[in-house]
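Visitor: Take a look at this one; I'll ask things after.
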C-alpha cells in the first residue's frame with residue numbers, strides 16, 4: 001500500500017518531492033538495520049541485504065535533487081549512508097543540513113546533534129591519502145585506505161581514473177559499479193556493467209543490469225533483463241529473487257509467488273531462503289484465484 005501511495009504521488013506530480021521521499025522512507029524501513037552499521041559497499045552485491053537500501057538511496061537522492069533544502073530528505077539520506085559506514089557521502093549531506101534555517105526547536109536540536117556528528121566524521125575520515133601510485137599494489141593499497149575510511153566517492157573516482165575504459169578485469173568493473181550503486185547512481189552502475197567486455201557469467205551481468213532498472217522503478221526494462229538472465233542461468237538465486245521483488249511491487253502476485261518459490265529452492269543460505277519465503281508468504285493470499 002505504501003509503495004502504491006508513493007507511485008500515485010509520483011504520477012500526480014512527477015516533479016514533486018513527496019513521492020520520492022515516501023518511496024525512500026518505505027525502502028529504508030523494508031530491511032531494518034540489525035546491530036551496528038555495516039560497510040556493505042565493500043562486499044559483493046547481495047540483493048537480500050542491499051537491494052532495499054540502494055533503492056532507498058536512489059529515491060532520496062532524487063528527492064534531494066528536486067528539493068535540496070528539504071530537511072527530512074537530508075535527514076533520511078544521511079541515515080542510509082550512516083547505516084553503511086559511508087562517512088564521506090554522509091558528511092556531504094550533513095553539510096547542507098546544518099546550514100538550513102530551522103523552522104522549529106526540534107530541527108534546531110537535530111542540527112546541533114548533526115554538527116557534532118560532522119566533527120566526528122571529519123576526524124574519522126582524516127586527510128585524504130595520496131592518489132598517485134607506481135604499480136597495481138600501490139593502487140590497491142590506496143583504494144583499500146579510501147574504503148577503510150568510508151570514502152566511497154573517492155574510491156569510485158579513483159577506480160574510474162585508474163581504469164578509464166574497457167577492457168577491465170570483471171572484478172574491477174563489478175566493484176566500481178557496486179560502489180556507484182551504493183551511492184545512489186544506478187544509471188552509472190548500469191553503464192559500467194553493460195560495457196564489461198568479458199563477464200565470467202552473462203547471467204550475472206544481465207541480473208545486475210536488471211536490478212539497476214528495478215532501483216529506478218523501470219519495471220518493464222527490469223523484467224526484460226531479468227528474463228534474459230533467467231534464460232542464461234535458470235538456477236541463479238539472484239535472478240529469481242529480483243523477479244520476485246519486482247513482481248510483488250508490480251502487484252503481480254501469481255508471478256511473484258512463482259519466482260519467490262524458485263528463489264527459495266535455489267537459496268545459497270538460510271537468510272536468503274527466509275527472505276524468499278517471506279515474499280512467498282506475503283503474496284500467496286493474493287495469488288489464489290477467486291473460488292479456488
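The values are calculated or read from the model by the stated rules, or taken from the named source; none is laboratory data. For clarity, every value in this text was computed on a predicted model and none was experimentally measured. Here the Cβ positions follow ideal geometry from the backbone for every residue, glycine too, while neighbour counts run over all protein chains shown.
Visitor: On the basis of being outside any helix (DSSP H, G or I), within 21 Å of residue 64 (Cα to Cα) and at pLDDT 95 or above, does residue 184 make the cut?
Guide: Yes.
Visitor: State which residue is nearest to the chain's Cα centre (by Cα) when the search covers only segment 111-137 and only residues that are surrounded by 12 or more Cβ atoms within 10 Å (Cβ to Cβ) and more than 24 Å from residue 82 (Cα to Cα).
Guide: Per the stated criteria, the residue is 131.
Visitor: Please specify each residue of segment 165-174 satisfying the condition of being surrounded by fewer than 16 Cβ atoms within 10 Å (Cβ to Cβ) and not in a helix (DSSP H, G or I).
Guide: 165, 166, 167, 169
Visitor: Moving on to the next point. Could you list, in sequence order, the residues of segment 251-287 that are touching a helix residue (DSSP H, G or I) at 6+ places or on another chain (Cβ under 7 Å) and outside any helix (DSSP H, G or I)?
Guide: 266, 267, 268
Visitor: Can you tell me which of 196, 232, 244 is surrounded by 16 or more Cβ atoms within 10 Å (Cβ to Cβ), modelled with pLDDT under 95 and in contact with a helix residue (DSSP H, G or I) (Cβ under 7 Å, 6 or more places away or on another chain)?
Guide: 196 is the lone residue from the list that is surrounded by 16 or more Cβ atoms within 10 Å (Cβ to Cβ), modelled with pLDDT under 95 and in contact with a helix residue (DSSP H, G or I) (Cβ under 7 Å, 6 or more places away or on another chain).
Visitor: Picking from 238, 264, which residue would you name as being under 26 Å from residue 174 (Cα atoms), crowded, with 21+ Cβ neighbours inside 10 Å, more than 18 Å from the chain's Cα centre (by Cα) and modelled with pLDDT of 95 or more?
Guide: So the residue among 238, 264 that is under 26 Å from residue 174 (Cα atoms), crowded, with 21+ Cβ neighbours inside 10 Å, more than 18 Å from the chain's Cα centre (by Cα) and modelled with pLDDT of 95 or more is 264.
Visitor: Okay, moving on. Check 253, 191, 272 and return the single one that is surrounded by fewer than 21 Cβ atoms within 10 Å (Cβ to Cβ) and either at pLDDT below 95 or more than 20 Å from the chain's Cα centre (by Cα) (or both).
Guide: Among 253, 191, 272, only 253 is surrounded by fewer than 21 Cβ atoms within 10 Å (Cβ to Cβ) and either at pLDDT below 95 or more than 20 Å from the chain's Cα centre (by Cα) (or both).
Visitor: Within segment 159-184, count every residue that is in contact (Cβ under 8 Å) with a residue 24 or more places away in the chain and under 24 Å from residue 37 (Cα atoms).
Guide: 9
Visitor: Can I ask one more? So residue 134 fits all but one of (1) touching a helix residue (DSSP H, G or I) at 6+ places or on another chain (Cβ under 9 Å); (2) outside any helix (DSSP H, G or I); what number is the exception?
Guide: (1)
Visitor: Can you pull out the residues in segment 56-75 that are surrounded by fewer than 23 Cβ atoms within 10 Å (Cβ to Cβ), touching a helix residue (DSSP H, G or I) at 6+ places or on another chain (Cβ under 8 Å) and in a helix (DSSP H, G or I)?
Guide: Across segment 56-75, the qualifying residues are 61, 62, 64, 66, 71, 72, 75.
Visitor: Next question. How many of the residues making up segment 138-164 are exposed (fewer than 15 other Cβ atoms within 10 Å of the Cβ) and in a helix (DSSP H, G or I)?
Guide: Qualifying residue count, segment 138-164: 6.
Visitor: A further question on this structure: Check off (1) assigned to a loop (DSSP other than H, G, I, E, B); (2) over 21 Å from residue 151 (Cα atoms) for residue 38 and give me the number that stays unchecked.
Guide: All conditions are met except number (2).
Visitor: Among the residues of segment 11-22 satisfying the criterion of being closer than 17 Å to residue 56 by Cα and without any contact (Cβ under 8 Å) to a residue 40 or more places away in the chain, which is surrounded by the fewest Cβ atoms within 10 Å (Cβ to Cβ)?
Guide: 18
Visitor: Right, something else. Which ones in segment 165-174 are over 22 Å from residue 232 (Cα atoms) and touching a helix residue (DSSP H, G or I) at 6+ places or on another chain (Cβ under 7 Å)?
Guide: 166, 172
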